[in-house]
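What follows is a short report on a single structure.
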Amino acid sequence: MPRILVIEDEPAMQRGLRDNLEIEGYDVTIEGDGRTGLEELRSGTYDLTILDVMLPSLPGFDVLRQARAAGVTTPVIMLTAKGEEIDRVLGLELGADDYITKPFSLRELLARVKAVLRRGQSATPAVSAVAIGLLTVDFTAYTAARNGMDVEMTPKEFDVLKHLWEHQGQTVTRDQLLSAVWGYDDSLSTRTVDNFILRLRQKLEPDPGHPRHILTLHGAGYKLVL
Ligand code: CA
């Protein structure tokens with residue numbers, strides 16, 4: 001029996017979704033809050049998640065972003081508000097598999113659920129598009145976006161960010177970054193690395209003067225935290 005996780009806070013919507021999905025033979029779990037929904041999505045085994053955008057404690061986009069960043073590949077259908085085109089674009093960019101606009105008919109929702117389940121695991125590989133700070137980065141395609149808009153990045157900027165990404169949570173020294181990204185080139189100094197870090201912070205940090213994602217460890221190097 002396919003297992004569906006519904007992350008939605010409105011009681012009437014919770015009841016309607018549960019009743020109708022159960023009639024169709026799905027095993028339904030409901031979470032009414034973004035944070036607990038994310039925990040359940042990360043720890044449980046689900047074939048599909050139906051995720052509302054407007055949620056208490058953690059918005060649906062952040063649930064999706066953090067789940068994908070953590071490697072969760074469960075397909076996601078987002079419930080977006082009427083007329084919110086940006087929601088649709090952002091949701092798909094962050095790795096949603098489909099979206100449905102409120103108010104929707106149950107017949108439409110069930111058709112979407114069946115279609116996404118038929119496609120199986122998410123078409124968006126977790127490692128292809130990742131969320132780092134404000135950026136959604138695709139290291140395979142060398143593209144980056146912020147709030148649905150393309151962000152210009154040089155190949156070397158991608159390489160520096162990718163190296164940090166691959167070592168997230170660990171201290172990476174300037175020398176490690178130099179040899180990983182530029183190879184052994186005597187003409188470059190660790191100052192080069194610092195300049196790239198400054199540019200990356202401008203692009204992905206909510207407040208570049210007070211970095212929360214690319215941290216400086218004085219005398220040691222840099223550390224990426226999500
Ligand atoms: Ca809601």
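Output the relative contact order of the chain, whole-number percent, from Cα pairs under 8 angstrom with separation of 6+ residues.
On the way: 367 pairs, mean separation 30.2, N = 226.
Relative contact order of the chain: 13 percent.
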Mind checking the dipole of the chain: about its Cα centre, +1 per Lys or Arg Cβ, -1 per Asp or Glu Cβ, Debye to the nearest 20? 220 debye
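If T140, T74 are ordered by their accessible area, calculated over protein heavy atoms with a 1.4 Å probe, which sequence runs from highest to lowest?
Final ranking, largest accessible area leading: T140, T74.
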Kirkwood Rh over alpha-carbon pairs of the chain, then Stokes-Einstein at 10 °C and 1.306 mPa s: what D in µm² s⁻¹, rounded to an integer? 84 µm²/s
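Relative contact order for region 129-224: what is it in percent, counting Cα pairs under 8 Å that are at least 6 residues apart?
Across region 129-224, relative contact order equals 29 percent.
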For the chain, what is the percent of antiparallel DSSP beta bridges, rounded to the nearest 5? 50 percent
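Given the alpha-carbon gyration tensor of region 151-224, what are the semi-axes of its equivalent ellipsoid in whole angstrom, ordered largest first, with each equal to the square root of 5 times an eigenvalue? If you can, show how the numbers build up before the last one.
On the way: eigenvalues 66, 40, 26 Å².
The three semi-axes for region 151-224 are 18, 14, 11 Å.
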Over the C-alpha atoms of region 3-121, what are the Rg and the largest Cα-to-Cα span, Dmax, in Å? 12.6, 33
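Rounded to the nearest 20 Debye, what is the dipole magnitude of region 129-224 about its Cα centre when Lys and Arg each give +1 and Asp and Glu each give -1 at the C-beta?
260 debye
The values are calculated or read from the model by the stated rules, or taken from the named source; none is laboratory data. The shown structure was predicted, so the numbers you read here are calculated from the model rather than taken from an experiment. Don't worry about glycine lacking a Cβ; one is built from the backbone with ideal geometry, like all the others, and counts go over all protein chains shown. The protein model used for the area step is the full one, side chains on, heavy atoms only, and it has no ligands, DNA or RNA in it. Shrake-Rupley method; radii C 1.70, N 1.55, O 1.52, S 1.80 Å.
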